[in-house]
Amino acid sequence: MKSTIKRYPNDVKDWWNKVLDDIKWAENDFTTGFYTQTCFITQQIVEKALKTFLLDRNQIVQKIHKLPVLLDRCIKIDSGFKKFITHIKDLDQYYISTRYPPSFGGAKGDYTKEEAKNALNLTKEIVAFVEKKIRT
């Protein structure tokens with residue numbers, strides 16, 4: 001059985017503050033040339049944003065890291081999330097590939113400035129979308 005995230009009164013606000021802090025982290029990494037790290041944190045930001053939406057809608061949130069699974073749960077509540085289906089796998093890949101060597105599923109090299117820029121832009125688009133959906 002997968003463990004779940006328990007809901008507490010300030011959860012949505014607390015989770016959202018983590019999202020906003022992590023965006024600053026990603027922007028700093030990007031500005032200083034840490035493109036692989038930028039890609040990693042974009043996955044984390046979107047994961048937290050989707051979980052924040054689910055918590056806002058009083059959903060039980062499992063401790064998982066698969067963005068397509070989280071996105072699918074969001075789509076079941078709000079079909080507007082469908083517009084991110086095409087690109088969510090791009091961000092999802094960064095969870096493993098940015099942290100491990102190639103022999104353990106990691107990328108064969110560092111991610112480029114362009115890849116990091118695209119990841120950051122997509123992340124900001126998703127975050128802006130989720131922010132409009134949060135009710136609490």
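From the list 18, 13, which residue is under 14 Å from the mean Cα position of the chain (by Cα), touching a residue at least 24 places away in the same chain (Cβ under 8 Å) and farther than 14 Å from residue 120 by Cα?
Step by step, each of 18, 13 is checked, and only 18 is under 14 Å from the mean Cα position of the chain (by Cα), touching a residue at least 24 places away in the same chain (Cβ under 8 Å) and farther than 14 Å from residue 120 by Cα.
If a residue must be over 17 Å from residue 114 (Cβ atoms), without any contact (Cβ under 8 Å) to a residue 60 or more places away in the chain and under 12 Å from the mean Cα position of the chain (by Cα), how many such residues does segment 21-40 contain?
1
If we keep just the residues of segment 77-125 that are in a helix (DSSP H, G or I), of a type in the set (S, T, N, Q) and at pLDDT 75 or above, which is farthest from residue 38 (Cα to Cα)?
Going through the qualifying residues, I end up with 79.
So, in segment 18-45, of the ones that are in a helix (DSSP H, G or I) and β-branched (Val, Ile, Thr), which residue ends up surrounded by the most Cβ atoms within 10 Å (Cβ to Cβ)?
Once the filter is applied, the top-ranked residue is 42.
The values are calculated or read from the model by the stated rules, or taken from the named source; none is laboratory data. Keep in mind the model is a prediction, meaning the values are calculated, not measured. Cβ: placed from backbone, ideal geometry, glycine included. Neighbour counts: every protein chain shown.
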